[in-house]
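Q: Below are the structure tokens for one structure; questions will follow.
Each value in this text was obtained by applying a stated rule to the coordinates, not by laboratory testing. Treat the numbers as computed from the prediction; the structure is a model and nothing was measured. A quick note on method: Cβ atoms are made from the backbone with ideal geometry, for glycine too, and the neighbour counts reach across all protein chains shown.
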Amino acid sequence: MNENKLISLCIPTNGKVEFVLPVLESIYSQGVDDNLFEIIITDNGKNSVLGESINEFKSHGNLFYYKSDLNGFVNQVDSFKRSNGLFIKMLNHRAKLVKDALVDLIAIVEKYKESQPCIYCSDGVLPKEELLICENFDSFVKELSYYSSWSAGVGIWAKDKPMLDQITYNQMFPHASILFEIRQESKYIIWNKKFMDMEDDPTKGGYNIFHTFAVIYLDLIKDLENRNKISNQTFISIKNDMREFLIDWYYNLCVANTQYRFETSGKYKNITTYYSRLDYFYIVVVSYYRYFRDGFKNIFRCLIK
């Protein structure tokens, strides 16, 4: 390990130049000493030109680009394995750092580099305080709710890297597999400060979103309960929170018909795997309520102009 590098920022991508270049600019504009961090890009994009497009940043000497033949989300694991920093942080290829975010992240790593607890960076999405110290794994998973499905918050320490070869990865949620399996025992911390702005990608998709989150992800959480790693109360809490997430995507994909390219076939069967028919009805009704409510609001705004 290069002990001069405090942090590895890992950016797995499928060659999206239009996203990666602004992310790199947001990192280097932070004004942080290049000797404190490195950037690892693993690119599994076919016919990608990203390697040549990032030449302007290579003069920093801490940017490392690798072509990857790992498909889909497992590319994230490859980026972790190639890192050399003390703390290894996943960074979505659409996530531009906000002002002073890298300074704040360095401060967190410095604060905990001796004890090295599991740290998840939730980007201020939780309606909670800026720093949450969880008593155990069960409370950690409950506090994160369905955001444990979110790759952008995951980070590990260099001492955890040997475990990367021992984990059986879920193909859709390898980051959740890392989060749930990287330690047998640990202290758990959620850093809930805003550190990035995620650029939207209206073309994202390519998988069945209701099967992925209402079945595959909840299977992962149920497995934690079955292995007595979390309580039934935690499972139910996450499932209830996930219902609101499903409403958002039902609205986007099945009611408002946004440009996202997620598949929605079999949505009733997928949603009712863990939810009741009444839950499904609730998801549909609330989605349409939002659609008509927003429509009336738009009409009202036009009338008063």
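Q: Under 17 Å between alpha carbons, and skipping anything fewer than 8 positions from K269 in its own chain: which lysines qualify?
A: Within reach: K239.
Q: Please work out the FRET efficiency for the pair T273 and V49, using the Cβ-Cβ distance as r and a Förster radius of 51 Å; give the result to the nearest 0.05.
A: 0.80
Q: Let me have the 222 nm mean residue ellipticity of the chain computed from DSSP H runs of 4+ only, each contributing -39500 (n - 2.57), with the sum over all residues rounded to the nearest 500. Walk me through the numbers on the way to the answer.
A: Working: 10 runs with 112 residues, N = 305.
Result for the chain, helices only: -11000 deg cm²/dmol.
Q: A further question on this structure: Just the Cα atoms of the chain: what Rg and Dmax do they give in Å?
A: 20.2, 64
Q: Follow-up question, since we're still on this one. Along its three principal axes, how long is region 182-270 when you only count alpha carbons? Whole Å, largest extent first please.
A: Principal-axis extents of the Cα atoms in region 182-270, largest first: 43, 36, 21 Å.
Q: Calculate the length of the line joining the C-alpha centroid of region 83-142 to that of region 15-54, in whole Å.
A: Measuring centre to centre over Cα atoms gives 20 Å.
Q: Given a cut-off of 21 Å, name the pairs among K142/K267; K16/K67; K113/K159 whose C-alpha atoms lie farther apart than that in the structure shown.
A: Values: K142/K267 26 Å; K16/K67 13 Å; K113/K159 11 Å.
Correct reply: K142/K267.
Q: Among C134, C121, which comes first, second and so on when ranked by fewest other beta-carbon atoms within 10 Å? Kindly include the intermediate steps, with their values, before the conclusion.
A: Numbers: C134 20, C121 24.
Listing C134, C121 from fewest to most nearby Cβ atoms yields C134, C121.
Q: Order these by the 10 Å Cβ neighbour count, fewest first: V74, V49.
A: V49, V74
Q: Can you give me the relative contact order of region 205-304 as a percent, contacts being Cα pairs under 8 Å and 6 or more apart? Working shown, then result.
A: Numbers: 71 pairs, mean separation 39.0, N = 100.
Computed value for region 205-304: 39 percent relative contact order.
Q: For the pair K81/E263, report the inter-label distance in nm, with labels modelled 7 Å from Cα in the Cβ direction.
A: The two pseudo-label positions are separated by 2.7 nm.
Q: Please order S149, S8, S59, S53 by the number of other Cβ within 10 Å, starting at the fewest. If you can, show how the numbers build up before the last one.
A: Working: S149 23, S8 28, S59 8, S53 16.
Arranged by neighbour count, lowest to highest, S149, S8, S59, S53 become S59, S53, S149, S8.
Q: With the crude spin-label approximation of a point 7 Å out along Cα→Cβ, what separation in nm comes out for Q171 versus D248?
A: Reported label-point gap for Q171 and D248 is 2.6 nm.
Q: Turning to a different aspect of this structure: Residue by residue through region 251-262, which ³J(HN,Hα) values in whole Hz follow from phi under the Karplus form 6.51 cos²θ - 1.76 cosθ + 1.60 (θ = phi - 60°), with glycine and proline marked x?
A: 4, 5, 9, 10, 10, 7, 6, 6, 7, 4, 9, 6
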